[in-house]
Amino acid sequence: MQIDTHQPPLSAPLRLSFDYTRSVGPVLSQFFTALRGRRIVGVRGSDGRVHVPPAEYDPVTYDELTEIVPVASVGTVVSWTWQPEPLEGQPLDRPFAWALVKLDGADTPMLHAVDAGSSAEISTGARVHAHWVDDPVGAITDIAYFALGDEAEEVPEETADEREPVTMLVVPTTIEIQHTASIPESAFLRALEEGKLLGARTGKEGKVYFPAREADPGTGQQLDEFVELPDKGTVTTFAIINIPFAGQRIKPPYVAAYVLLDGADIPFLHLVTEIDAADVRMGMRVEAVWKPREEWGLGIDNIDYFRPTGEPDADYETYKHHQ
């Protein structure tokens, strides 16, 4: 089966998102805990400079820094750039400035948003003050933005905070790109929409790679011939997932296995069910269970999972190079 180069490649937006989680360490813990109380602190270096946000290690001596120094919530714009069309997830939903702000009492500037109304209203040297969110949680976003003017906002009278210091930081992270598949990938995806599994190879004797791709990773030659494969194969190796994690769609335990389709030379990852996880084994013969036809789209998830066929296990020699 030859590649049809007349059909345009598939293209679609791809959104990746996850929660970036990190421990903050002893110095940044004090910075984020202070933000939760609507206060800002820095750290003093060996040369006397106060760094805001705090540096964990001295940029001069590389020693650990420990001397926490309170600074003001008012400062001066050192430099700035205008954001005329805010993006999703940015601090403001109206035009604003990104600015380096050097707070009074600090010697290094910090990056944040300035709500200036228009680019004509902000300038280098402008005085700004922090505008706090209503319910600080211990994150840099507790400063909603900086506003023009050198009068600090009144903050509620400080009361005893019996909460534990901030030790962990969770930052939702998202990126969206426009992904354009190659011609072989597009053909592979269109075939899935029709219930077909296409591998690809170079010429008549090349290794069959599934999913289809642009080139043979072993030779670098273009994969120029498609091969329709059956939806049966062999489990070459597998893992039993016992630990729950964020975003998990299947209740553990379950099996993620590499399945080598008959006629293919490389396995691919999918689920194996309709069998107790403890009974899954290398060499087990499996077959695809497809979703209902009306649910098919342009993805390998048209196959819901694989299940045992009941056939005798494959001979070890047929899959030993794929473990």
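The values are calculated or read from the model by the stated rules, or taken from the named source; none is laboratory data. Keep in mind it's a predicted model, so treat the numbers as computed, not measured. When we count neighbours, we look across all protein chains shown, and the Cβ atoms used for this are built from the backbone with ideal geometry, even at glycine. Ligands, DNA and RNA are stripped out before the accessible areas are found, and what is left, the full protein with its side chains, is counted by its heavy atoms. Shrake-Rupley method; radii C 1.70, N 1.55, O 1.52, S 1.80 Å.
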Of everything in the stretch 141-155 that's open to solvent by less than 90 Å² (accessible area, probe 1.4 Å) and part of a loop (DSSP other than H, G, I, E, B), which residue is nearest to Ala34 (Cα to Cα)? Val155
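Please return the ranges of strands (runs of 3 or more DSSP E) entirely within the stretch 20-96 where 1 or more residues are touching a Cys at 6+ places or on another chain (Cβ under 6 Å) and farther than 25 Å from Ala152 by Cβ.
Values: elements: 40-44, 68-71, 74-83.
Strands (runs of 3 or more DSSP E) meeting the threshold: none at all.
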How many residues are open to solvent by 10 Å² or more (accessible area, probe 1.4 Å) and either of a type in the set (Ser, Thr, Tyr) or without any contact (Cβ under 8 Å) to a residue 60 or more places away in the chain (or both) when one looks only at the stretch 29-38? 2
The condition from (1) assigned to a loop (DSSP other than H, G, I, E, B); (2) under 18 Å from Phe306 (Cβ atoms) that Val166 misses is numbered (2)
Identify, please: which residue in the stretch 97-117 is touching a Ser or Thr at 6+ places or on another chain (Cβ under 9 Å) and assigned to a strand (DSSP E or B) and is, among those, nearest to Ala152 (Cα to Cα)? Leu103
Restricting the first residue to the stretch 308-321 and requiring it to be at positive phi and surrounded by 10 or more Cβ atoms within 10 Å (Cβ to Cβ), which pairs with a second residue that is assigned to a loop (DSSP other than H, G, I, E, B) and not β-branched (Val, Ile, Thr) meet a Cβ separation below 6 Å and a spacing of at least six or different chains? none
Here the qualifying pairs (Cβ atoms under 7 Å; residues six or more apart or on different chains; first in the stretch 215-236 and closer than 14 Å to His322 by Cβ; second open to solvent by less than 40 Å² (accessible area, probe 1.4 Å) and charged (D, E, K, R)) come out as Thr234/Arg285
Sort through Glu185, Glu176 and tell me the only one that's in contact with a Lys or Arg (Cβ under 8 Å, 6 or more places away or on another chain), of a type outside the set (Phe, Trp, Tyr), surrounded by 15 or more Cβ atoms within 10 Å (Cβ to Cβ) and not in a loop (DSSP other than H, G, I, E, B). Glu185
